[in-house]
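What follows is one structure encoded as structure tokens, with my remarks underneath.
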Amino acid sequence: MTDDPDRPADVHVRTGDGTPVPELTDDLLTELLDEPPDPECPFIVINRGDHEYIQTRLLPDGVYEIEHRADASDEQFQVYTPDARLVRDVMWAWVDEDPWWRDAVAWYRVDPAVAEVQSVLRDFDDLLGGMAVLDGIQASMDDAMARADELLAMDIDDLAAEPDESP
């Protein structure tokens, strides 16, 4: 597979955290797969048009899930592999529109009910992803409540015996 300068411009790439990749090359795709992904966003998504895509996700056990959907279809197909090179080859063949990617692996159809649940979960994750800033607030509140519990558990005499911590 080679880098094709005549590749259609409607191919768009982004990582799981939403970061767009301006120009995808075979070497860059290899690099993206070789680097450990952000555990919160272990995806690489490549779109062509509005609905056609191929994506990969690194699962916690080190296995890659590759999923694709054709533009004219609502059907999704998946395959699982621990081989990052196979992932790269399949995704790059998809980008180059080389039919090898379709025949090279044993794709299986994703049940439509499962695909719908996954879609809803992704929508919720997108919606709630912006609330990550609340995690820090929650941690601070947890610390404050733990300190309050400690203080309430102390005797009044213990409080009076603590040295003044003012500067």
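Taken together, the values in this text are just the output of simple stated rules run on the coordinates, not laboratory data. This one's a predicted model, so the numbers in the text were calculated from it and none came from an experiment. Please note: Cβ atoms are built from the backbone with ideal geometry, for glycine as well, and neighbour counts cover all protein chains shown.
So, R0 is 30 Å and r is the distance between the beta-carbons of D34 and A113; what FRET efficiency does that work out to, to 0.05? Please report the intermediate quantities before stating the final value.
On the way: r = 35 Å, r/R0 = 1.17.
That pair, D34 with A113, gives E of 0.30.
Just add up the charged neighbours of P60: K/R +1, D/E -1, any other residue whose Cβ is under 15 Å from the Cβ of P60.
-3
V21's amide H: which non-local residues (gap 5+, or another chain) put their own amide H closer than 5 Å, with H modeled 1.01 Å from N in plane and none for Pro or chain starts?
Here the answer is V13, R14, T15, since their amide H atoms fall under 5 Å of that of V21.
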